[in-house]
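Q: After the C-alpha cells below, expect a handful of questions from me.
The values are calculated or read from the model by the stated rules, or taken from the named source; none is laboratory data. In this text, all values refer to a predicted model and were calculated from it rather than measured experimentally. Here the Cβ is made from the backbone with ideal geometry for all residues, glycine too, and neighbour counts use every protein chain on show.
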Amino acid sequence: MPVAVLIVVVALYVYALVAAPRFRIPGAIGGVVVLAGLAWYLAVSPSQTERAETLVTVEDLTLDQLELERTIRGATLRGRVENGADAARLREMTITVRLFDCELETTSLEECAIIGESDAIARVDVPPGQLRGFSAHYIFLNLPPLVGVLRWDHRITTLRAT
C-alpha cells in the first residue's frame, strides 16, 4: 500500500509540473529539497540489519547444557539459550566453535594447538526472559589426527533480533 501511495503522489507531482507552468520552478525546488532530505535520512539512519544486531547483546544471553557431538561431516552443537533482554526477541545467533588438540584434559587452551574452526547459525525464536533449545551444525575440513585429547570452546559472533 505505501508503494501505491508513493506512485500516486509522484504521478500528481509530475502532472502538476507539466500542467501548471507557474508551478514548475517552485515545484522543482521543492522536489530537490525533498530528495535531498530523503537522501540524508537514508544515509544517516541505521539499516534494519544494523538495528537487528543491536537489540540483543551477547551479555543478554546465557548458554548452558552445551554438548558438541561429532558427526560424519563435522559436529553438532546443542544446548539451551536464555534471552535476558528486556524487550527484544532473539531470532538467530552465529556461534564460532574452535577445536583444540591438547596434551592432557587439564592443559589450558592457550597451550593447545587449534586444529579446526567453523561458524554456524543457530536459528532460534526466544522471547524476552525465556529459554529455548538450539542446535547448530558445523563442518570441519581437513582435521588432522589427534595426538592428545580433543577439547573445544565457543563464542557468539553475531546476533539478530526483532
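Q: Take the stretch 83-95 and flag every residue that is crowded, with 16+ Cβ neighbours inside 10 Å and either among the basic types (Lys, Arg) or at pLDDT 90 or above (or both).
A: 83, 89, 90, 91, 92, 93, 95, listed by residue number.
Q: Scan the stretch 124-158 for residues that are of a type in the set (Val, Ile, Thr) and within 21 Å of residue 86 (Cα to Cα) and jot them down.
A: Here is the first cut: in the stretch 124-158, the residues of a type in the set (Val, Ile, Thr) are 124, 126, 139, 147, 149, 156-158.
Passing the criteria: 124, 126, 156, 157, 158.
Q: Any idea which of 122, 87 is farther than 15 Å from residue 66 by Cβ, among the small types (Gly, Ala, Ser) and in the same structural domain as residue 61 (by TED's automatic domain parsing)?
A: Numbers: 122 fails: farther than 15 Å from residue 66 by Cβ.
Testing whether each residue is farther than 15 Å from residue 66 by Cβ, among the small types (Gly, Ala, Ser) and in the same structural domain as residue 61 (by TED's automatic domain parsing) leaves just 87.
Q: Give the residue that is farthest from residue 151 (Cα to Cα), with candidates limited to residues of the stretch 107-138 that are free of Cβ contacts under 8 Å to residues at least 40 places away in the same chain and of a type in the set (D, E, K, R). Working first, answer last.
A: Of all residues in the stretch 107-138, those free of Cβ contacts under 8 Å to residues at least 40 places away in the same chain come to 108, 110-117, 119, 121, 123, 125.
Within this subset, residues satisfying the condition of being of a type in the set (D, E, K, R) are 110-111, 117, 119, 123, 125.
Numbers: 110: 12, 111: 12, 117: 12, 119: 17, 123: 25, 125: 29 Å.
Residue satisfying both the conditions and the ranking: 125.
Q: Still on this structure, I have one more. Might you check whether a residue that is of a type in the set (A, V, I, L, M) and in a loop (DSSP other than H, G, I, E, B) occurs anywhere in the stretch 110-129? Give the derivation first.
A: Keep residues of the stretch 110-129 that are of a type in the set (A, V, I, L, M), which gives 113-115, 120-122, 124, 126.
If we keep only those that are in a loop (DSSP other than H, G, I, E, B) as well, we get none.
Taking every residue of the stretch 110-129 in turn, none turns out to be of a type in the set (A, V, I, L, M) and in a loop (DSSP other than H, G, I, E, B).
Q: Here are 17, 35, 12, 6: which of them is surrounded by 15 or more Cβ atoms within 10 Å (Cβ to Cβ), at pLDDT below 90, over 30 Å from residue 138 (Cβ atoms) and not assigned by TED's automatic domain parsing to the domain that holds residue 153? Step through it out loud before you land on a result.
A: Details: 35 fails: surrounded by 15 or more Cβ atoms within 10 Å (Cβ to Cβ); 12 fails: surrounded by 15 or more Cβ atoms within 10 Å (Cβ to Cβ); 6 fails: surrounded by 15 or more Cβ atoms within 10 Å (Cβ to Cβ).
On inspection, the qualifying residue turns out to be 17.
Q: Looking only at residues that are within 24 Å of residue 62 (Cα to Cα), hydrophobic (A, V, I, L, M, F, W, C) and surrounded by 15 or more Cβ atoms within 10 Å (Cβ to Cβ) in the stretch 96-120, which one is nearest to the chain's Cα centre (by Cα)?
A: Checked the stretch 96-120; the qualifying residue nearest to the chain's Cα centre (by Cα) is 120.
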